[in-house]
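To start, the structure under review is shown below, and the notes come after it.
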């Protein structure tokens, strides 16, 4: 197992999780919809906890994780901000963008699990975190259905 490869892979996930956390917080501040705000606040906290766990794994391997966002994440948040300002209580497009980001995160977990040789405890951690995101996507689909069934 190559420690540097593991640290690099974890760093990528940390950045993606930080992107999600920051995005959720920004959208939460911008919406008056209580259901969406509650969902966003809950998962922003969860993303924070997830990247803290990965930071611990980086530190255990002698590294220091950089907790920052990516340019792609920054652009995605700008895109969502534009959608938020252009919609009047139509949260479907916002939920679609959140799902797109979550799907990308799941794909990143899949890639790391498939391509990087990892110790068993880290495989378990990453699989658990990936499953958490997958369950959130299912909850997000239910939230979108709620928005679509609300009278206009």
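Structural remarks
- In a residue-by-residue description of the range 2-16, the property of being in a loop (DSSP other than H, G, I, E, B) and either within 30 Å of residue 118 (Cα to Cα) or modelled with pLDDT under 90 (or both) applies to at least one position.
- Screening residue 140 on (1) loosely packed, with under 14 Cβ neighbours inside 10 Å; (2) more than 18 Å from residue 18 (Cα to Cα); (3) within 14 Å of the chain's Cα centre (by Cα) shows it passes everything except condition (1).
- Search result, residues across the range 17-47 that are outside any helix (DSSP H, G or I) and within 13 Å of residue 95 (Cα to Cα): 31, 33
- For first residues located in the range 96-122 and surrounded by fewer than 17 Cβ atoms within 10 Å (Cβ to Cβ), partners that are not in a helix (DSSP H, G or I) and lie 6+ apart or on another chain with Cβ distances below 6 Å form the pairs 117/1.
- Selection from the range 1-38 of residues that are within 29 Å of residue 63 (Cα to Cα), in contact (Cβ under 8 Å) with a residue 40 or more places away in the chain and over 10 Å from the mean Cα position of the chain (by Cα): 1, 2, 3, 5, 6, 7, 9, 10, 11, 12
- Search result, residues across the range 37-78 that are surrounded by 13 or more Cβ atoms within 10 Å (Cβ to Cβ), at pLDDT below 80 and farther than 17 Å from residue 12 by Cβ: 77
The values are calculated or read from the model by the stated rules, or taken from the named source; none is laboratory data. In this text the structure is predicted, and so the values were computed from the model without any measurement. So basically every Cβ, Gly included, is an ideal-geometry build from the backbone, and we count neighbours across all protein chains shown.
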